[in-house]
Amino acid sequence: MRLEGKVALITGAAAGVDGDLMGFGGASARLFAQEGAKVVLTDIKEEMGQKTAAQINELGGDVIFLPLDVTNEQGWIDVIAAAVSKYGKLDVLVNNAGTGARTTVEETTVETWDGQMDVHAKGTFLGTKYAIPEMRKVGGGSIINVSSIYGLIGSPTSTAYHAAKGAIRLFSKSAAVQYAKENIRVNSVHPGYAHTPLTDPGYSHEVGRAEWCLERIPIGRLGNAYDIAYGILYLASDESSFVTGAELVIDGGTTAQ
Ligand SMILES: NC(=O)c1ccc[n+]([C@@H]2O[C@H](COP(=O)([O-])OP(=O)(O)OC[C@H]3O[C@@H](n4cnc5c(N)ncnc54)[C@H](O)[C@@H]3O)[C@@H](O)[C@H]2O)c1
């Protein structure tokens, strides 16, 4: 029961349906509930999110699903108010929602650029901004921002994604420094190439995509949702109480080369 007594909110947490390919948020919701947390799952995919939440509750969890588009400021205000009204407080926020866009600088439209910055950078900023007052009320909290190895290094494409994930990395350090004295910790997680609903179209349908990624992973396999969720669990728990402003890389060795 590593999260006993804690209330957590996770964005992009719809993909946690048993038997289906899971995402980091869905797997984190399952682990958090297993470890005793009450969890508010949020996503723009309502049907899948409701199904994930129902399955977790059938297993003895205490979770709810609420729709949230992380780019919507009023949406954040409403969801945090609803979470606190349901469970009484907020201890943990996981800013995990995201989408990809594999385009070069010249191929990247302003629309793609803005879309990437909105969901990753603005979404993470808004969540952090509105979670902090609630965490202050309970004497602290943990905010976990899901960046990527693409927030640390470049690649042949994904221009706006790199920029947005890099923004999450430094935003996290900035918030960590600002709120450390209030016992609000802020860390970033940097997953490497992993098989999730987000990346499945590439691995399943794009010739050579899986091989291209595997060549870059010393451990020799793609990551899965639980590989990342266990790192998120550590940062959510009090086991990491001296960890703030840190970057947790979970990438099978990709960025060690
Ligand atoms: N899979 C990988 O290889 C990988 C590697 C590094 C980082 N990441 C990052 O991990 C995070 C989780 O991705 P995943 O791979 O687990 O896939 P996933 O598909 O399970 O998670 C992304 C979720 O975010 C949701 N989402 C998209 N836009 C949203 C919005 N505006 N508001 C709310 N929710 C929104 C999607 O509906 C989806 O459920 C993303 O931020 C992604 O960029 C993934």
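Some notes on this structure:
- Residues of segment 16-25 satisfying the condition of being crowded, with 24+ Cβ neighbours inside 10 Å and either over 24 Å from Gly127 (Cβ atoms) or touching a strand residue (DSSP E or B) at 6+ places or on another chain (Cβ under 8 Å) (or both): Gly16, Phe24, Gly25
- Glu239 among the acidic types (Asp, Glu), assigned to a helix (DSSP H, G or I) and within 24 Å of Gly26 (Cβ to Cβ): yes
- Count - residues of segment 1-20 that are assigned to a loop (DSSP other than H, G, I, E, B) and more than 8 Å from the ligand (Cβ to nearest atom): 11
- Matching residues, segment 129-144, being touching a strand residue (DSSP E or B) at 6+ places or on another chain (Cβ under 7 Å) and more than 14 Å from Ala180 (Cβ to Cβ): Ala131, Ile144
- Filter result (of a type in the set (A, V, I, L, M, F, W, C), closer than 19 Å to Val94 by Cβ and in a helix (DSSP H, G or I)) within segment 110-139: Val119, Ala121, Phe125, Leu126, Ala131, Ile132, Met135
- If you go through segment 39-74 and keep only what is touching a residue at least 40 places away in the same chain (Cβ under 8 Å) and part of a helix (DSSP H, G or I), you end up with Ile56, Glu73.
- Only one of Ala164, Ala229, Ala160, Ala175 that is under 18 Å from Gly12 (Cα atoms), in a helix (DSSP H, G or I), at pLDDT 95 or above and in contact with a Ser or Thr (Cβ under 6 Å, 6 or more places away or on another chain): Ala229
- Count of segment 203-226 residues which are charged (D, E, K, R) and assigned to a loop (DSSP other than H, G, I, E, B): 4
- Residues in segment 151-192 that are surrounded by fewer than 22 Cβ atoms within 10 Å (Cβ to Cβ), closer than 27 Å to Thr109 by Cα and charged (D, E, K, R): Arg169 alone.
- If you go through segment 20-40 and keep only what is of a type outside the set (S, T, N, Q) and over 23 Å from Gly192 (Cα atoms), you end up with Ala33, Glu35, Gly36, Ala37, Lys38, Val39, Val40.
- Checking every residue in segment 151-172 against the condition of being within 16 Å of the ligand (Cβ to nearest atom), farther than 23 Å from Asp114 by Cβ, of a type in the set (S, T, N, Q) and under 13 Å from the mean Cα position of the chain (by Cα) gives zero matches.
- Just one of (1) within 9 Å of the ligand (Cβ to nearest atom); (2) surrounded by 24 or more Cβ atoms within 10 Å (Cβ to Cβ) fails for His195. It is (2).
- Residue selected from segment 210-236 under the condition aliphatic (A, V, I, L, M) and either without any contact (Cβ under 8 Å) to a residue 12 or more places away in the chain or away from the ligand (no atom under 12 Å from the Cβ) (or both), by the criterion surrounded by the fewest Cβ atoms within 10 Å (Cβ to Cβ): Ile219
- Output for segment 128-150, where each listed residue is within 14 Å of the ligand (Cβ to nearest atom) and among the aromatic types (Phe, Trp, Tyr): Tyr150
The values are calculated or read from the model by the stated rules, or taken from the named source; none is laboratory data. Computed from a predicted structure; not experimentally measured. Counting neighbours? That spans all protein chains shown, and the Cβs are built from the backbone with ideal geometry, glycine included.
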